[in-house]
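Worksheet: the structure to be examined is printed underneath.
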Amino acid sequence: MADIEGKGVVNLCIKQVATDLNLSPRTVRDYIRKCRQFEFFRYIKWDGADYCLVYYSGLAKVIASKSKTGPVQVLLSPADLKFKKAVIVEAIVASQQEQSFYKAKEQQCKTQQTNKPAMVTTDQLFNKPSVYAGGTFSIEYKTSRFTFVSPNFPNFGTSQQSIAHIIGRSVRTVQRRLSNQYRQLLAQRHNDDLSPLPRTQLAKEVGDKTIVEHINSENLERIPFIFFKGKAWDLLCNVYLTDRQTKGQKRLNRRILSLDTSIDFFNLNRPIPEA
């Protein structure tokens with residue numbers, strides 16, 4: 001029996017739950033006791049062996065106690081859990097990219113002296129390859145891998161090195177989890193849909209190829225530019241096209257952070273309301 005009304009309390013029929021989950025009643029009882037032990041349930045009250053009144057712990061408390069506080073927190077649906085390795089990295093990408101875009105926009109507010117500066121958005125990078133933002137910034141060329149932009153383009157994005165640092169894994173692991181081949185394999189393994197993650201790498205124009213090659217020849221340490229269409233380009237961050245939402249969770253995040261630093265984290269002795 002689900003908590004459809006969201007009251008945080010539900011009366012479970014053990015036999016019905018066992019039938020729904022294809023488990024034995026004894027296993028269901030064990031799971032309920034373990035959920036109480038691990039504090040997913042705030043309080044349980046048995047009515048014989050066949051019924052159990054369950055009070056759920058708050059979502060923020062469960063997240064705060066069972067996970068580490070990090071730079072991004074995203075709520076996953078049960079359907080996402082089988083893809084969690086790919087989805088978590090994608091959520092970090094969405095958050096880091098959004099923060100990077102916000103910082104670039106703040107800088108352009110000062111440069112353009114307006115609260116609504118001309119900016120090329122992520123959607124425009126992928127859907128409108130010839131877009132001009134107020135005639136100031138241009139996307140000059142596009143290939144399957146790179147997006148070549150003008151010298152004053154307010155670049156944004158996230159690097160695989162920064163993602164690797166956040167999740168505590170190697171860059172190679174991040175590359176694998178972001179790859180469309182990995183996402184396709186997960187989808188096939190679980191016989192479900194996991195859409196590809198489009199990406200592009202920004203390349204900012206530096207100058208004429210001949211001039212840049214001459215400058216490089218005069219330096220002891222060569223600057224790693226790429227050359228295309230007779231020009232030199234500086235490689236910048238990757239930009240990903242994702243619909244993974246990390247917005248709208250500020251209240252939940254603040255609640256989690258406050259609980260994480262609270263001395264009285266779980267007040268298990270507070271009175272339980274009458275059923």
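Since every read-out is calculated from the coordinates, none of them should be taken as a lab result. All values derive from a computational prediction rather than experimental measurement. Cβ sites come from the backbone with ideal geometry, for glycine too, and all protein chains shown count toward neighbours.
Structure note, pairs 103/142; 142/229; 116/142; 110/204: Cα-Cα distances above 18 angstrom occur for 103/142; 116/142; 110/204. For the stretch 8-63, state which chymotrypsin sites (Phe, Trp or Tyr not before Pro) are in a DSSP loop and have at most 14 other beta carbons lying within 10 Å of their beta carbon. The qualifying sites are 38.
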